[in-house]
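Down below is the structure, laid out as structure tokens.
The values are calculated or read from the model by the stated rules, or taken from the named source; none is laboratory data. Here the structure is a predicted model, which means the values were calculated and not measured. Cβ atoms come from the backbone with ideal geometry, glycine included; neighbour counts cover every protein chain shown. Ligands, DNA and RNA are excluded from the accessible area calculation, which covers all protein heavy atoms including side chains. Shrake-Rupley method; radii C 1.70, N 1.55, O 1.52, S 1.80 Å.
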Amino acid sequence: MTYVVALTGGIGSGKTTIANHFASLGVPVIDADIIARQVVAPGSLALQQIHHHFGTQVLLPDGSLNRSWLRQTVFSDPAEKTWLNQCLHPLIQQQTQQAISEVTEDWCLWVVPLLVENNLQHCADRVLVVDTDEETQIRRTMARDNMSRQQAESILAAQADRQSRLQAADDIIDNSGVPADKQQEVIRLHHHYQRLASAKKGSAL
């Protein structure tokens, strides 16, 4: 059984940059956001269910999901958010576990932004949190997604607070500075996880 390290962090924390550092070392990366997009691809059962529930406005002219509209809708209506989560999360988790089961390396990185919010810590052997101060998160999100400060703050407020994520962490990367500077820390953690994976495999024999 592959050793699973869950990587999480708030919006704008630099999760993707850190995950890419691990990928460059040959670590298999399973990204929950990519899987989430796959389960609502045109023609998928999930997209049909979402279309039936929300109506035609949830689709773009090409038949794909109107993510911007859906995000705004569920953001302002907790009941709709709950419905969407109940529709998608089992599918995402099923495909995630399938992807993990196909990994042949000793360990893999599972990138899951909403790990703490969805209480998925128990699904991983270890939790790595990419931590950033809130002002940096807001500034990066505004620049990356071309959104207002108010929008960025609203998204941040809807996520788990910084302290909750840190409490769930086994390891922490402080990514408040320049993300590219974290390569050496990633290499150190890679070796650490390899040792943990080997120990787990040895104890299972």
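Here is how the numbers come out for the structure above:
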quantity: Net charge dipole size for the chain [Lys, Arg +1 and Asp, Glu -1 on Cβ; Debye, nearest 20]; calculated: 160
quantity: Beta bridge orientation in the chain: antiparallel %, DSSP, nearest 5; calculated: 5
quantity: Whichever aspartates and glutamates have a C-alpha closer than 20 Å to that of Lys201, once near sequence neighbours (fewer than 8 apart) are set aside; calculated: Glu102, Glu105, Asp106, Asp125, Asp170
quantity: Rounded Å value of the spacing that divides the Cα centres of the range 39-70 and the range 103-163; calculated: 25
quantity: Residues in the range 1-37 that a label on Ala199 would reach, taking backbone N under 20 Å of a point 7 Å out along Cα→Cβ; calculated: 1-7
quantity: Selected from Ala99, Ala19, Ala157 as most flexible by GNM, with the chain as the system and alpha-carbon contacts under 10 Å; calculated: Ala157
quantity: Volume per residue of the C-alpha convex hull in the range 76-193, rounded to whole Å³; calculated: 133
quantity: Cα-based reach from Lys182 at 20 Å (exclusive), listing lysines while leaving out same-chain residues under 8 positions away; calculated: Lys15
quantity: Length gained when the stretch Ser68-Ala23 is fully extended (0.36 nm per residue, less Cα-Cα span); calculated: 13.3 nm
quantity: Chain lengthening between His122 and Cys87 when straightened (0.36 nm per residue, less Cα-Cα); calculated: 10.5 nm
quantity: Read-out P(r) over Cα pairs in 5 Å bins from 0, in percent, derived from the coordinates shown; its label in (i) 1, 6, 11, 14, 14, 11, 9, 7, 6, 5, 4, 3, 3, 2, 1, 1, 0, 0, 0, 0, 0; (ii) 1, 7, 14, 17, 18, 17, 12, 8, 4, 1, 0; (iii) 1, 7, 16, 21, 21, 16, 10, 6, 2, 0; calculated: (ii)
quantity: GluC sites (Glu not before Pro) restricted to the range 1-110 and DSSP loop, no more than 11 other C-beta within 10 Å; calculated: Glu102
quantity: Candidate residues Asp174, Asp133: accessible-area rank, largest first, probe 1.4 Å; calculated: Asp174, Asp133
quantity: Leading residue at positive end of dipole, the range 116-205 (Cβ point charges), from Ala197, Ala152, Leu166; calculated: Ala197
quantity: Estimated [θ] at 222 nm from DSSP helical runs (n ≥ 4, -39500 (n - 2.57)) normalised by residues in the chain, nearest 500; calculated: -17000 deg cm²/dmol
quantity: Accessible heavy-atom area order of Met1, Met142, highest first, probe of 1.4 Å; calculated: Met1, Met142
quantity: Å² of accessible area per residue within the chain, as computed with a 1.4 Å probe and no ligands counted; calculated: 54
quantity: Cβ-based charge dipole, the chain, positive-most Cα from Gln184, Val40, Gly9; calculated: Val40
quantity: Calculated FRET value between Ser44 and Asn146, using beta carbons and R₀ = 30 Å, to 0.05; calculated: 0.60
quantity: FRET efficiency for Gln163 and Leu114, using Cβ-Cβ distance with R0 set to 25 Å, rounded to 0.05; calculated: 0.95
quantity: Mean separation of Cα contacts under 8 Å (6+ apart) over length of the chain, as relative contact order %; calculated: 38
